[in-house]
Amino acid sequence: MHTILTDSTEDAARLLNSGEVVAFPTETVYGLGACICHPEAIRKIFQAKGRPGDNPLIVHIYSVEQLYDVASDINEGAEKLIARFFPGPLTLVLKKNPAVPDCVTAGLDTVGVRCPSHPVAREFLRLACGPVAAPSANISGLPSSTSWQAVFNDLDGRIACILKGEKSTIGLESTIVDCSGPLPVLLRAGAITFEALQEVLPKITLNNACTSKESAPKSPGLKYLHYAPKASIVLCNPLEPIAVEKDSAYIGISSPPEGVTLAKQCLNPEEYGRELFSFFRRCDSEGIRVIYCELPSATGLGRAIRDRLTRAAGKN
Ligand code: TXA
Ligand code: MG
């Protein structure tokens with residue numbers, strides 16, 4: 001299959017509406033979209049990514065009104081989060097509307113719903129013939145794509161089209177909150193921080209699956225290897241000196257250790273989050289064998305960075 005690269009949201013939406021899989025930019029990471037009204041296109045997403053069929057997809061909507069087409073029994077907690085954080089980098093797990101095909105939700109009775117704020121994503125979703133199911137646009141297990149070039153590297157020849165946009169401004173996947181039960185639970189940390197969620201919903205809790213794979217995961221995707229570059233990841237506390245290996249790299253906020261081949265010192269957690277996955281991909285293309293990653297504390301955006309790092313290191 002020839003993968004079309006385009007800047008035109010109209011051309012990309014036309015392909016999507018004809019039942020094709022189209023990658024598109026969002027403020028978190030690039031998504032790999034198919035219209036939920038085309039179940040055969042949903043199956044193409046799983047094929048293109050090599051994604052296990054028991055891992056449900058997030059449904060992307062253009063406006064809050066569309067929420068009622070995909071979810072039902074929306075409780076007060078969910079309504080508060082929607083009022084505060086939609087559109088934006090937040091996914092809510094809600095009771096599913098029967099109109100959503102089972103192949104989207106992997107047979108669950110809940111559905112993940114997100115309304116992105118990215119202008120190109122919004123225009124694309126507005127032109128779509130309905131809500132758009134989309135996982136991150138990467139081969140399963142690899143780091144998420146934060147640029148169209150990363151999508152192209154992974155999925156050229158496997159999908160119909162890439163809608164080109166700028167590099168993702170957040171660079172980490174959306175925060176996921178389960179609002180389908182009586183009490184809200186954070187399933188995946190992201191740019192909407194736990195502290196910000198707590199301000200709106202003081203009773204929100206952290207799910208064990210956020211920090212451990214011992215318990216039965218509430219979010220099926222959490223049990224799979226994620227975000228892993230070819231290089232091995234070594235988590236480090238930069239206050240402790242390290243004897244670096246040959247062909248190694250460093251990413252973090254503190255200054256890099258002596259002797260690494262490639263280093264990225266970020267100004268703040270925002271830059272660290274934005275650069276992390278593209279740095280992993282750059283390391284792989286430059287033959288780096290070990291990446292030393294500074295482990296931030298689990299507060300604010302640090303919680304999300306820490307989560308991705310420990311998963312990429314296979315420590316979670
Ligand atoms: O920022 C993002 O969330 C990006 C952009 C494209 O929106 N999408 C993304 O999708 O990261 P994906 O498929 O790579 O990660 C979605 C995660 C998976 O771990 C999946 O298991 C979980 O969300 N998920 C989806 N639906 C769910 C549900 N009904 N209940 C629990 N977890 C769900
Ligand atoms: Mg993903």
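Number of residues in the stretch 281-306 that are within 20 Å of Ala150 (Cβ to Cβ), buried (at least 21 other Cβ atoms within 10 Å of the Cβ) and out of contact with any Leu (no Cβ under 7 Å at 6 or more places or on another chain): the value is 2. Scanning the stretch 142-154 for residues that are within 12 Å of ligand 1 (Cβ to nearest atom) and open to solvent by less than 20 Å² (accessible area, probe 1.4 Å) turns up Pro143, Ser144, Ser145, Thr146, Val151.
Can you pull out the residues in the stretch 280-305 that are closer than 17 Å to Val234 by Cβ and in contact (Cβ under 8 Å) with a residue 60 or more places away in the chain? Residues satisfying the conditions are Phe280, Ile291, Cys293, Leu295, Ile305. Scanning the stretch 77-95 for residues that are in a strand (DSSP E or B) and under 19 Å from the mean Cα position of the chain (by Cα) returns Leu90, Thr91, Leu92, Val93, Leu94.
When you look at Gly273, is it outside the structural domain of Pro89 (by TED's automatic domain parsing), within 20 Å of the chain's Cα centre (by Cα) and open to solvent by less than 20 Å² (accessible area, probe 1.4 Å), yes or no? The answer is yes for Gly273. Taken over the stretch 1-33, the criterion of being over 16 Å from Phe46 (Cα atoms) and among the aromatic types (Phe, Trp, Tyr) is satisfied by Phe24 alone. Please go through the stretch 140-170 and pick out each residue that is within 16 Å of ligand 2 (Cβ to nearest atom), touching a helix residue (DSSP H, G or I) at 6+ places or on another chain (Cβ under 8 Å), farther than 30 Å from Asn75 by Cα and not basic (Lys, Arg). Correct list: Ser140, Leu142, Pro143, Ser144, Ser145, Thr146, Ser147, Ala150, Asn153, Leu155, Ile159, Ser168.
Residue check: is Pro131 within 11 Å of ligand 1 (Cβ to nearest atom), farther than 23 Å from Phe279 by Cα and at pLDDT 95 or above? Judged against the criteria, Pro131 is not a match. Checking Glu123 against (1) charged (D, E, K, R); (2) open to solvent by 40 Å² or more (accessible area, probe 1.4 Å); (3) outside any helix (DSSP H, G or I), only one condition comes out false. Which one? Condition (3) is where Glu123 drops out. Scanning the stretch 253-284 for residues that are β-branched (Val, Ile, Thr) and in a helix (DSSP H, G or I) yields a count of 0. Hey, could you check the stretch 1-52 for residues that are within 16 Å of ligand 1 (Cβ to nearest atom) and in a strand (DSSP E or B) and say which is surrounded by the most Cβ atoms within 10 Å (Cβ to Cβ)? Step by step, filter the stretch 1-52, then rank; the result is Gly33.
The single residue among Arg122, Arg158 that is charged (D, E, K, R), more than 18 Å from the chain's Cα centre (by Cα) and more than 10 Å from ligand 1 (Cβ to nearest atom) turns out to be Arg158.
The values are calculated or read from the model by the stated rules, or taken from the named source; none is laboratory data. What you see is a predicted model; the values in this text were computed from it and never measured. A quick note on method: Cβ atoms are made from the backbone with ideal geometry, for glycine too, and the neighbour counts reach across all protein chains shown. Accessible surface is based on the protein model in full, side chains and every heavy atom, while ligands, DNA and RNA are left aside. Shrake-Rupley method; radii C 1.70, N 1.55, O 1.52, S 1.80 Å.
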